[in-house]
Amino acid sequence: MMRAYELTPPATAHQRHRGRDSVIVLAALVLVVGISSGLWWALLGVPAALLLRASAAMVGLYVVLAVLGGWLGAQAWQSAHPRQVGEYRGWAELIDDPAPLGQGLRATFEIEGEGFDAWLYGGQRRKLVDAQAGEYVWLEGQRAALTSGAHRAAIRHVVGRFTPSVIGDVIDGSALNRASNRIRRSLRSVAESTMTSDDAALFAGLVIGDDARQRVETIEAFRGAGLSHLTAVSGQNVAFVLAAALPLLRRLRPWWRWAATVGLVAWFMALTRFEPSVLRAGVMAILAATAFVRGAQASPVRLLSLAVIVLVTIDPLLVWSVGFWLSVGATAGVCVVGPWVRVRLPGPDWFRLPLAVTLGAQLGVALPSVLVFHRLPFVSLPANLLAVPVAGFVMLYGLPAGLAAAGLPAVLQELVMLPAAWGTHWVALVAQVGYVIEPAPLWSAACWLITLFAWLTWWRLRGGEARVPI
């Protein structure tokens, strides 16, 4: 006799995975809303959990995450004020590479566990113009609370301003910082000796996210063409580093391979200064490696949600980082929207795949782009299709080529770096042309709407059926 429960077909593995993904996505959203907006807004996730038929244990977890998020957000802003102000005399660590701003230089120091910005000019500027993050500087001067821009500074973990009267010796930091700085200096030196100054600055941005020496005009051109993500180290860079090391990693036993992968990703995050985008990419890579070694399946959406949970729990101020949300949004768009769009586009797969990835990424960053930069460049579609493959080559080739060329004569340096120089110049050219031809914001929005209408019309005339990839 057939039992009653045998009449109900069991859920497929795909349905179970989608259900788990929904649970984890909602958990990430509850935590983020709790940090950014407070406990009561985060508790709105509980009705959503009930609609998803979550268990009582999961509803309890969401309540805990809402409370945790509210507490973390309150603690984060309480720590955004300096504990001590007034005179300081002693050693301070550079938190980030000093960045040129007009005729001056902004240097950020960690003084007794707190971040302070200093604006340097003249001899003080020349003293630290070639300094790098992780180095220690002897300082004498005054600490004060910020009178303006405190919110934006707090997101960078800066609580005040330091006005130096004396800037003394500069000494090396930890062994990890020394190694990272040596690599960054080598890459920068090789690029500056084989490329124009603008291309050398862009090369450093493409390979290791070092945009400190990029001109304002270059930054504006990349933003206007929708290519600014290329100069922020992301999952693509992390994937290329792991791909380059894959022949060696495959020779290791599973857990040794996992340890080597985690160590390599952590080293690359340190090399690229733990930028929000590389933190997101690095944590996702570590979670993926952990799932793989355990023989578990983890979808990109689940990995992204878990990475967000881990990162905003460690650093709640990431919730207000534009770079972090651009990275998260682009990744979500590529993972969720990209596959859906791909099977609904016309043309061969070699055309549909990059176009679907570009559309997914652009839709993923649409909201933060419009709210922060007041634009969503229409030219970003062709610009990304033309620039991203070449930029990927520069990222993959540039790091090992730059390190190998550092010990070669000048003639051989130029030969080794020639492919990277051509690729970098091409990416810069695409950005400049895209910036020039990008229509005004109102016309750009009209172009997006026309494109969407044309695609929907084509899809409906075709019968509204998705193409099933072979």
Inset, instruction - In whole Hz, with x marking every Gly and Pro, tabulate ³J(HN,Hα) for segment 84-93 from phi via Karplus 6.51 cos²θ - 1.76 cosθ + 1.60, θ = phi - 60°. - result: 9, 10, x, 6, 9, 9, x, 7, 9, 8
Inset, instruction - Using Cα pairs closer than 8 Å and at least 6 residues apart in sequence, work out the relative contact order for the chain, in percent. - result: 14 percent
Inset, instruction - Any chance you could check the Cα centroid distance between segment 303-343 and segment 175-190 for me, in angstrom? - result: 29 Å
Inset, instruction - Take segment 166-259, compute every pairwise Cα distance, and split them into 10 Å bins from 0; I just need the percent in each bin. - result: 13, 31, 33, 17, 5, 0
Legend entry - Segments 29-35, 407-413, 220-226 sorted - mean Cβ within 10 Å per residue, highest first: 29-35, 220-226, 407-413
Inset, instruction - Mind jotting down the distance between the C-alpha centroids of segment 48-107 and segment 149-172, whole Å? - result: 18 Å
Inset, instruction - Take each complete run of DSSP H in the chain, measure how far its Cα atoms stretch along the helix's own axis, and keep only those covering 24 Å or more with mean Kyte-Doolittle hydropathy at least 0.5; list them. - result: 13-37, 56-78, 254-271, 276-293, 380-405, 410-437, 441-461
Legend entry - Radius of gyration, Dmax [segment 76-229; alpha carbons; angstrom]: 16.3, 48
Inset, instruction - Give the carbon-plus-sulfur fraction of the accessible surface of segment 285-418 in %, rounded to a whole number; probe 1.4 Å, heavy atoms of protein chains only. - result: 77 percent
Legend entry - Kirkwood Rh (inverse of mean 1/r, distinct Cα pairs), the chain, angstrom: 24.6 Å
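The values are calculated or read from the model by the stated rules, or taken from the named source; none is laboratory data. These numbers come from a predicted model, not from an experiment. Here Cβ is always computed from backbone atoms with ideal geometry, including for glycine, and neighbour counts include all displayed protein chains. The protein model used for the area step is the full one, side chains on, heavy atoms only, and it has no ligands, DNA or RNA in it. Shrake-Rupley method; radii C 1.70, N 1.55, O 1.52, S 1.80 Å.
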